[in-house]
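Every number in this text was worked out from the coordinates using simple rules, so none of it is lab data. Treat the numbers as computed from the prediction; the structure is a model and nothing was measured. Ideal geometry is used to build each Cβ from the backbone, glycine not excepted, and the neighbour counts take in all protein chains shown.
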Amino acid sequence: MRRCALLFSLVCFTLSVRAETLHLYTWADYISPEVVKKFEQQQHCRVVIDTFDSNESMFAKVKAGATGYDIVFPTAYMIQVMQAQGMLAPLDHKLIPNLPNIDPAALSKVMDKTMEHSVPYTVAYACIAVRKDKMKGQAADATWAMFDRDAFAGRMTLLDDMRESIGAALKSLGHSINTRDDAQLAAARDVLIRWKKNIARFDNEGYKSGIDSAEFLLVHGYSGDLFQVQMENPKVEIMIPREGVTIGCDEMVIPKAARQPALAHAFINFVLDPAIAAENMEWMGYYCPNKPALAKVSAEFLKNPAITIPAELQARCEVIEDLGPDLAKYSKVWDQVKAAR
């Protein structure tokens with residue numbers, strides 16, 4: 001009996017060693033645990049997830065030599081940078097038969113329209129949310145000018161993201177989030193410094209629990225994150241500022257240094273399955289540009305302003321672009337904002 005038990009243990013150990021492991025590098029709360037579990041069962045593998053809180057921090061880590069990631073989930077503008085530096089592997093479309101499910105409208109917003117190196121995963125917005133029950137008689141308004149309200153001083157947050165927060169200031173002034181104009185950037189810097197006096201901090205994670213608990217009354221955040229909070233707390237109201245917002249298309253890419261490229265292709269194909277995409281979409285609160293999946297999500301999900309923006313407002317929204325050498329102008333503005341007292 002002991003011999004049989006020992007043999008069984010050795011077999012299990014051998015299988016666990018041989019089981020392939022897929023390493024994902026993505027944003028927090030960005031893949032349904034149930035979807036991950038289903039993939040592990042289908043492929044008899046293990047999935048390990050590491051997270052980042054900005055494209056810049058992700059890029060710095062991977063560029064510095066972090067290896068072992070099989071799929072990374074950057075925003076479209078950062079994919080341009082990564083591809084230009086030879087960091088991405090080409091995709092084998094034969095291994096991703098679900099690629100036709102991708103909505104052509106999403107492909108129109110990204111540079112890699114033929115999905116040579118990247119596949120759209122979500123389309124999201126950086127918008128605002130308020131605790132409508134704590135406004136103390138002040139009506140909330142769908143405008144970036146909300147950050148000028150002294151009544152909420154110390155109870156607001158802005159994203160700790162250079163392009164998103166400078167973009168919000170630029171939009172508040174009627175400028176493009178991708179402007180190269182020095183005068184427009186200087187004006188946006190002054191707006192951000194003014195807003196900074198009212199906010200509690202620049203923040204990429206704590207705003208979610210903060211708006212839920214009413215520690216914060218107004219936050220700048222990602223639509224899917226805010227949708228997740230709202231699903232648990234209906235007192236949180238999501239608003240899309242009428243001046244326009246940034247549209248982010250996060251995509252799946254396979255680094256050249258990936259150790260499990262075949263398994264990575266299998267995962268991309270798996271999450272593009274309509275039923276899986278619908279399940280994943282409703283769990284994380286982000287719109288997945290998967291046309292057949294839309295028929296499988298609830299009508300309530302599609303009504304949420306974090307998911308569907310009216311056409312007239314969409315016209316004032318922009319995708320963040322790679323600015324090349326002009327990115328240094330934004331870095332200078334961001335440093336000045338962070339240094340301001």
Net charge, N233 excluded, C-beta distance under 15 Å - Lys, Arg +1, Asp, Glu -1: -1
Length-normalised contact order of segment 38-193 in % [C-alpha pairs under 8 Å, at least 6 apart]: 12
What are the ³J(HN,Hα) values, in whole Hz, obtained from phi via the Karplus relation 6.51 cos²θ - 1.76 cosθ + 1.60 with θ = phi - 60°, for each residue of segment 236-243 in sequence order, with x given for Gly and Pro? 8, 10, 8, 10, 9, x, 5, 6
How big is the antiparallel share of DSSP beta bridges in the chain, given as a percent to the nearest 5? 60
How far is the Cα center of segment 283-341 from the Cα center of segment 36-68, in Å? 22
Sorted by chain and number, the residues with a modelled amide H under 5 Å from that of Y125, at a separation of 5 or more or across chains, are S223, G224, G248
Mean shadow of segment 93-181, computed from the convex hull of its alpha carbons, in nm²? 9.0
Share of pairwise Cα separations in the chain, more than 25 Å, in percent: 54
Which entries of K38/K296; K113/K332; K208/K291; K208/K256; K38/K94; K63/K296 have Cα-Cα distances beyond 27 Å here? K113/K332; K208/K291; K208/K256; K63/K296
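Quote the relative contact order of the chain in percent (integer), defining contacts as alpha-carbon pairs under 8 Å separated by 6+ residues.
27
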Please enumerate, by chain and number, the aspartates and glutamates with C-alpha under 16 Å from the C-alpha of K235, excluding those fewer than 8 residues away in the same chain. D133, D141, D212, E215, D225
Express in whole angstrom the spacing between the alpha-carbon centres of segment 213-229 and segment 152-171. 13
Dividing the Cα radius of gyration by the Kirkwood radius, what Rg/Rh value follows for segment 75-122? 0.95
D (µm²/s, integer) via Stokes-Einstein for segment 14-79, Kirkwood Rh across alpha-carbon pairs, 4 °C, 1.567 mPa s: value 99
Show me the helices of the chain, taken as full DSSP H stretches, that run 20 Å or more along their long axis by Cα and average -0.5 or above in Kyte-Doolittle hydropathy. 2-18, 182-196
Given H placed on each backbone N at 1.01 Å, which residues far from L88 in sequence or on other chains put an amide H within less than 5 Å of it? K256
Amide H to amide H under 5 Å from T51: which residues, 5+ apart in sequence or cross-chain, H placed 1.01 Å off N in plane? T26
In what sequence do K171, K291 fall when counting other Cβ within 10 Å, fewest first? K291, K171
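Can you give me the convex hull volume of the Cα atoms of segment 295-341, divided per residue and expressed in Å³? The partial results should precede the final answer.
Values: hull volume 7.5 nm³, N = 47.
It is 160 Å³ per residue.
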Near K109, which aspartates and glutamates are there with a Cα under 18 Å away, not counting those fewer than 8 places off in the same chain? E164, D250, E251, E312, E318, E321, D322
I'd like the Karplus ³J(HN,Hα) series for segment 289-303: coefficients 6.51, -1.76, 1.60, θ = phi - 60°, whole numbers in Hz, and an x wherever there's a Gly or Pro. x, 10, 4, x, 5, 4, 6, 10, 9, 6, 5, 4, 4, 6, 7
Within a Gaussian network of the chain (alpha carbon springs, distance under 10 Å), most fluctuating of E116, E300, E312: E300
Fewest-first ranking of K338, K196, K136, using other Cβ atoms within 10 Å as the exposure measure: K136, K338, K196
